[in-house]
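One structure below.
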Amino acid sequence: MAASVIDGALGHPPVVFALYGHPLVFAYPPFQLYQAAMALKLQVKTLPGISAFDSLLVQLRIDPSVQGIQMYEATDLLVRRRPLQPDVPCFVWQIGSLETVIFSKAKSKPERFHRFRNYILNFYPSNHEVIVLHVSDSRAHPPQVIAFPIGEIAAYAEDLHQGMTLYIPPLAPRGVQDQELADKLTSLQHLKMISFHV
Ligand SMILES: C[S@@+](CC[C@H](N)C(=O)[O-])C[C@H]1O[C@@H](n2cnc3c(N)ncnc32)[C@H](O)[C@@H]1O
C-alpha cells in the first residue's frame, strides 16, 4: 500500500491516501509512508478521521475520563504479556486476527483463542461478561454485538471476524487511594494555593 502511494507521489503528485477511520489508529502503512517520504524528501500531510474507537464509545456509552481506558492490539497483548488493569475499561483490537500478522479472511477455529483465554483469566474471572462489537452508522448494516463470559470465547471463534473489537468492562470501579487530595477538590482555599488569581 505504502509503495503504491509513494509511486503515485513520485509519478503524478499530489496523491491522497484515504484509509477508513483514523489514519494513525491501528494502521501500519502510514508509518511506512512517513519513513519513505522522509528518505525521498516528499511532503506528507495527515488529517485526523473518526475512528472505530469513537463509534465504540458511542455504542457502549462510555466516557474515557470517568474510569480511564486501556486498549491493546490482541496479538501484541499476548506477545508482550501486557499487564491489564481489571478496574479500567479495556478494548482489545483486532481480536479476529489473533496470533498472526498474515492477512486472511478465513473463519477461526476455537483453538485460536485458547492462549488468549488463558492469558485473560490471569486478570478476570472466567464468568466475566464481555462484548465483541462491529459498530456501524449505516441502517443497511446494523451493529453486531455478541456478549458472552470471557471464559467461553473459544466457543464464539467462528463469529469473531477481522473487523471486530472486544470490550472488557471493568470488574469494579477503583476506590479513592489519596483521600487527602480527594477532600481538597472542592476547596477554594486549595485552588488559591495552586493557582495565581481566583
Ligand atoms: C486495521 S484496524 C483499523 C482501524 C481504523 N484505522 C480506525 O481508526 O477505526 C482494524 C481494527 O479496528 C477495529 N474496527 C474497525 N472497524 C470497526 C467497527 N466497525 N467496529 C468495531 N471495531 C472496528 C477492529 O478491532 C479491527 O480489527
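Throughout, read-outs are computed from the coordinates displayed, never taken from laboratory work. Note that the structure is predicted; figures quoted are calculated from it, not measured. So basically every Cβ, Gly included, is an ideal-geometry build from the backbone, and we count neighbours across all protein chains shown.
Observations on the model:
- Size of electric dipole in segment 40-157: Cβ of Lys, Arg +1 and of Asp, Glu -1, about Cα centre, debye, nearest 20: 460 debye
- Think of the chain as having a plus end and a minus end, set by charges on the Cβ of Lys, Arg, Asp and Glu; of A27, P86, L98, A27 sits farthest toward the positive end of this dipole.
- Calculated on alpha-carbon atoms, Rg and Dmax of segment 1-93 in Å: 17.0, 52
- Candidate lysines - alpha carbon under 19 Å from K192, same-chain residues fewer than 8 apart omitted: K184
- Nearest-0.05 FRET efficiency for I131 and Q35, computed from C-beta distance (R0 30 Å): 0.25
- In Å, descending, principal axis extents of the Cα set of the chain: 64, 54, 38
- Annotation: extensible slack from K107 through A147 equals 12.5 nm (criterion: 0.36 nm per residue apart, minus Cα-Cα distance).
- Simple Cβ-charge dipole of the chain, Lys/Arg +1 and Asp/Glu -1, about Cα centre, in debye nearest 20: 360 debye
- With N as its number of residues, segment 108-196 has a Cα radius of gyration that, divided by 2.2 N^0.38 Å, comes to 1.72.
- Shape annotation for segment 51-141: C-alpha extents along the principal axes are 34, 32, 24 Å, from largest to smallest.
- Mean-position separation - Cα centroids, segment 11-89 and segment 99-115, in angstrom: 22 Å
- Other-chain or far-sequence residues with amide H under 5 Å of M71's (modelled H): F91
- Under Karplus coefficients 6.51, -1.76 and 1.60, residue-wise ³J(HN,Hα) of segment 88-94 in Hz, glycine/proline x: 10, x, 10, 9, 10, 7, 6
- Treating r as the C-beta distance of V79 and V15 and R0 as 30 Å, the FRET efficiency rounds to 0.35.
- 3J(HN,Hα) along segment 72-78, derived from phi through the Karplus expression 6.51 cos²θ - 1.76 cosθ + 1.60 where θ = phi - 60°, amounts to 9, 7, 4, 5, 4, 4, 7 Hz, with x in place of Gly and Pro.
- Under the Karplus curve 6.51 cos²θ - 1.76 cosθ + 1.60, θ = phi - 60°, whole-Hz ³J(HN,Hα) for segment 165-171, x wherever Gly or Pro sits: 10, 8, 10, 10, x, x, 5
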